[in-house]
Structure formats: C-alpha cells, structure tokens
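Coordinate-derived values only; no laboratory data. All of these numbers come straight from a predicted model, not from anything done at the bench. So basically every Cβ, Gly included, is an ideal-geometry build from the backbone, and we count neighbours across all protein chains shown.
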Amino acid sequence: MRPDRLPLAARALVWAVALLAILVMGLPMANVLAVSLSSPGSSESPGLVLFPAEPSLEGYAFVWGTIDLWRPFLNTLYVSAAGTVLHAILAALGGYVLAQPELPGRKALTSFVLLTMTIPAELTLVSIYAVNKQFHLVNRYAGLILNGAASGFSILLMRGYFSAIPRSLSEAARIDGCPEPGIFWRIFLRLAKPGLATVATLELIRRWNNIAMTVTLVSDMAKTTLPVVLRWLLFEMSTASGAAYVYANAKMAAVVISALPLVALYAFAQRFFVAGALAGSVKG
C-alpha cells in the first residue's frame, strides 16, 4: 500500500465531508441561478428550485433596464478597480520597506502594522466620516477609493513574500549600480506576482462587496455601489410604499449579476491566488 494512501474509512469520511460542503454551498447558488432564469410568476413558487420553471430572461432585463442596475454596477467596477490598483501599489511598497533587514525600527514598525489589524473597522466609521467631510470627500468617488487604500494584512503578506526572495539578487543589483526603485520594480515586484495577485484579488472582493463604507460616505444614489442597491432591492424595496413590485426572478438576477464578476476573477486568478497566499503566509 502506498504510504500516502488513506485508509478506506478515512477516504469515505473525506468524501462525505466534501459532498456535504458541496451541498451546503452549491444548493443555494443553484437555487439563485434557477430562480433568476424563471418567469416572473414561476419564480414566486415556494420551496427549493434547482431548475428554471418556464425559462426566461425577464428578470435580468428588468433589473438592468427598469431598475437601472447598470449605473451602480459601473460605479462599483470603477471604484473597486481604481481602489484595488492603489491598494496593491501601497501594499507592495510597504511590504518591500518592511522586508529590508537593515531598516531602523523594523520590529517596531511591523508591530504598529499588526496593531492596526486589531481595531474593528466598524468602530472607526464615525471618525472616518468626520475626516472625509473635512477633506470634502463625502459623496465623491475619491472617498471610496482612498479609504482602505492601505491594509496591514496586505502589507504583511507582501513583506512575507519579499522576505523569501534571496537577498543576493538585490545585493548583486546594487553592485551593478541599479537604483533602489529599479531593484524594487525589476526584481522584487516581478518575482512577487503571485503575492501581488493575492493582495489584488482579496482587495477587489472586499471593495466589491463593501456596504459599510459606501453607506457612510455616499448618500447620492447616482454614486452608490452595487451592494447597497442590492440590499435595498432585496430587503427594503418591497416594504417601500408606492414602489413597484419586484418579482423574485429580478431579485435573484441582481444577485447573479453582482456575483458573476467575482466568480470570473477567481477563475482567472486562482493559481496565482493559491501560490501567493501560501508563500506569503508561510515564508518570511
């Protein structure tokens, strides 16, 4: 018997747990997709739906055209993409600085970065609003992009990844006269692509699903983001007086539209994400 081969009972347990996880996570997703592809009347049927009843795309047409879901979708895309790029740049720079063994006060700076991770984000929302109001960033896209531009977790993950890169590469580059920005760009950043992809993926997901920051800083519906509109559509629109009735297929279509970009992102960045997360968390 191969030494890495599990006993029959252990394999059965693994398959049982995997099957249970698939059912727990897969059935709600299949239900949402099936309801979104059903006709308005059929989508209101109670119970678990795994296959579309009277297949139709009316729900997608309704939320995209009548509800104007395209506007918050584009807002979310712009804010998330711009904020993620800025976040990845600052994480890479911060991680590179903390990875330098000769940096004065390196341990103290690392401890400070760790300290910022212990403060719950919800406790800072009032002060964040006050600061953004002073800088005239309320009801502006810039406020959503700049807030959260730096993260202790992302900086430490990049630090761990940079620390795993042999120091002989940077030392040889310095001997050859390469400036520090060139060492960062040509050596460290190119070797840290999986780690950078991990940081960017996690940040894009966070920004795409962020509700608290948007509600805190934005009251203009023309500049609000997809998660806020989705929450209003699912939980508040049906209780608003005078609001048009929204069928379940339209609500589930909005959920699918909101989730599709993240599913596509993960499918594209999966191999970088796994490699970067493992390297950044184990090494350093």
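Convex hull over the alpha-carbon atoms of segment 8-56: what's its volume per residue in Å³?
Residue-normalised Cα hull volume stands at 64 Å³.
If r is the Cβ-Cβ distance from residue 221 to residue 245 and R0 is 25 Å, what FRET efficiency results, to the nearest 0.05?
Working: r = 20 Å, r/R0 = 0.81.
Efficiency computed from Cβ-Cβ geometry: 0.80.
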Checklist outcome for this item: Treating every alpha carbon of segment 85-200 as one equal point scatterer without solvent, the Debye formula yields log10 I(q)/I(0) values at q = 0.09, 0.16 Å⁻¹ of -0.31, -0.82
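Compare the peptides 181-192, 205-216 by average per-residue count of other Cβ atoms within 10 angstrom and give them in order, highest first. Kindly include the intermediate steps, with their values, before the conclusion.
Values: 181-192: 16.0, 205-216: 18.2.
Highest-to-lowest ranking by the protection proxy: 205-216, 181-192.
Just need the relative contact order of the chain here, percent rounded to a whole number, with Cα pairs under 8 Å and 6+ apart. All intermediate terms of the calculation are to be shown ahead of the outcome.
Working: 319 pairs, mean separation 86.0, N = 284.
Over the chain, the number comes to 30 percent.
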Item to check | Descending Cα extents along the principal axes, segment 152-195, whole Å | outcome: 33, 17, 16
Checklist outcome for this item: With Cα springs under 10 Å, the Gaussian network model of the chain assigns the largest mean-square fluctuation among 233, 115, 262 to 115
Item to check | Relative contact order of segment 127-202, pairs being alpha-carbon contacts under 8 Å that are 6 or more residues apart, as % | outcome: 31
Checklist entry - Most mobile of 195, 41, 152 per a Gaussian network model of the chain (Cα springs, under 10 Å)? => result 41
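What is the diffusion coefficient of the chain in µm²/s, taking the Kirkwood radius over Cα pairs and the Stokes-Einstein relation at 10 °C with a viscosity of 1.306 mPa s? Numbers along the way, then the final one.
Values: Rh = 22.2 Å.
After rounding, the answer is 72 µm²/s.
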Next on the checklist: Please list 3J(HN,Hα) in residue order for segment 43-51, calculated via the Karplus relation 6.51 cos²θ - 1.76 cosθ + 1.60 where θ = phi - 60°; whole Hz, with x for glycine and proline.
Outcome noted: 5, 7, 5, x, x, 7, 10, 10, 9
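Between residue 169 and residue 24, take the C-beta separation as r, use R0 = 45 Å, and let me know the FRET efficiency to the nearest 0.05.
Working: r = 46 Å, r/R0 = 1.01.
My answer for the efficiency is 0.50.
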Checklist entry - Where in the chain are the DSSP H helices whose alpha-carbon span along the long axis reaches 18 Å or more and whose Kyte-Doolittle mean is at least -0.5? => result 8-36, 70-98, 193-208, 248-282
Item to check | Distance in nm between pseudo-label sites at residue 103 and residue 89 (7 Å out along the Cβ direction from Cα) | outcome: 1.9
Checklist outcome for this item: In a Gaussian network model of the chain with springs linking alpha carbons closer than 10 Å, the residue among 267, 18, 88 that fluctuates most is 18
